[in-house]
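Peer 1: Before I ask anything, let me first share the structure, which is written out below as structure tokens.
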Amino acid sequence: MPMEPSGPATRLLREEHRTLESWLDQIARIQRDWLADPLPVLRVTVEEAWVLIRAHYAIEEAVFFSALRAHFGELVEKMEDQHERVRELAGHLEALLRVPEPSVREFQDLRRLTREFQSVAQHNILEEERDLFRLADRLLPAAEQQDLHQQMWERHSAEGLFGVRAARL
Ligand SMILES: [Fe+2]
Ligand SMILES: [Fe+2]
């Protein structure tokens, strides 16, 4: 995250995406290797990742999507649906991660949910950058981009989230 906001709003969102991807890559590795007891590391990693993803979605929706809805309503709605799906998956995942001694069946569900959570969240990043951000960069006036950047930066720098958590990677 830059020391102070400058440039388009999409710059901040892309930077946050890179942090989220580091966490999603860790989750993908855990899912792939699936060690004898993946639970301790999976619990911590999903919890940390989800704090950041949730915060990212919150500013994206409240500030960026709100401003873009008038121009690219359909695309914004599609991105919101993906966020909703990730939230749903995170809820299931968190519930299963709280089970003290999961059965074989629950372990299978856990692995499947972990993969789906990781892949939908990663896909959302990809589609945003490929479609929505590209359009915004082309069509939104620079002053509006800068203003949205400022609004999102203030929220996240006040929460200190990305600075602190990204440093733990
Ligand atoms: Fe998103
Ligand atoms: Fe995003």
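Where a number appears in this text, it was derived from the coordinates with a stated rule and is not lab data. Being a predicted model, the structure only gives us computed values, none of them experimental. Every residue, glycine as well, gets a Cβ built from its backbone with ideal geometry; the counts of neighbours run over all protein chains shown.
Peer 1: Roughly how many debye, to the nearest 20, is the charge dipole of the chain about its Cα centre, given +1 on each Lys and Arg Cβ, -1 on each Asp and Glu Cβ, and no other charges?
Peer 2: I would put it at about 420 debye.
Peer 1: Here's another thing I want to ask about it. Taking the Cα centroid of segment 98-122 and of segment 60-91, what is the distance between the two, rounded to the nearest whole Å?
Peer 2: When both Cα centres are located, 24 Å separates them.
Peer 1: If you take the charge dipole of segment 9-167 about its Cα centre, with +1 on Lys and Arg Cβ and -1 on Asp and Glu Cβ, which of GLN108, LEU52, LEU75 is farthest toward its positive end?
Peer 2: The Cα lying farthest towards the positive end belongs to GLN108.
Peer 1: Continuing with this model, one more query. I'd like the FRET efficiency for ARG85 and ARG138, computed as 1/(1 + (r/R0)^6) with the beta carbon distance as r and R0 of 35 Å, rounded to 0.05.
Peer 2: E between ARG85 and ARG138, to the nearest 0.05, is 0.80.
Peer 1: Mind giving me the nanometre distance, one decimal, between the label points for ALA36 and GLU74, set 7 Å out from Cα along Cα→Cβ?
Peer 2: Result: 5.4 nm between the two label points.
Peer 1: Let me ask you something else. Any chance you could run the full-extension gain for HIS92 through VAL51? It's 0.36 nm times the residue separation minus the Cα-Cα distance, nm to one decimal.
Peer 2: Values: separation 41, 0.36 × 41 = 14.76 nm, distance 1.53 nm.
Fully extending the segment from HIS92 to VAL51 adds 13.2 nm.
Peer 1: Follow-up. What helices does the chain have that are whole DSSP H segments, at least 24 Å long along their own axis by Cα, and with mean Kyte-Doolittle hydropathy of -1.0 or more?
Peer 2: Taking the DSSP H segments of the chain (at least 24 Å long, mean hydropathy at least -1.0), we get 39-59, 73-97, 104-127.
Peer 1: Turning to a different aspect of this structure: Under a Cβ-Cβ cut-off of 12 Å, what is the net charge of the residues other than ARG87 that fall near it, where Lys and Arg count +1 and Asp and Glu count -1? Numbers along the way, then the final one.
Peer 2: Working: positive: ARG54, ARG85; negative: GLU61, GLU80, ASP81, GLU84, GLU88, GLU94.
Taking every other residue near ARG87 into account, the sum is -4.
Peer 1: Further, regarding this structure: Write down Rg/Rh for segment 9-167, rounded to two decimals, with Rg from the C-alpha atoms and Rh from the Kirkwood relation over Cα pairs.
Peer 2: On the way: Rg = 16.7 Å, Rh = 16.5 Å.
My calculation puts Rg/Rh at 1.01.
Peer 1: Can you sort SER22, SER103, SER157 by how many other beta carbons sit within 10 Å, fewest first?
Peer 2: Ordered by Cβ neighbours within 10 Å, fewest first: SER103, SER22, SER157.
Peer 1: If each DSSP helix of 4+ residues adds -39,500 (n - 2.57) and the sum is divided by the residues in the chain, what number results at 222 nm, nearest 500 deg cm²/dmol?
Peer 2: -25500 deg cm²/dmol
Peer 1: Provide PHE117, PHE107 in ascending order of the number of other Cβ atoms located within 10 Å of each residue's Cβ, fewest first.
Peer 2: Exposure proxy ranking, most exposed first: PHE107, PHE117.
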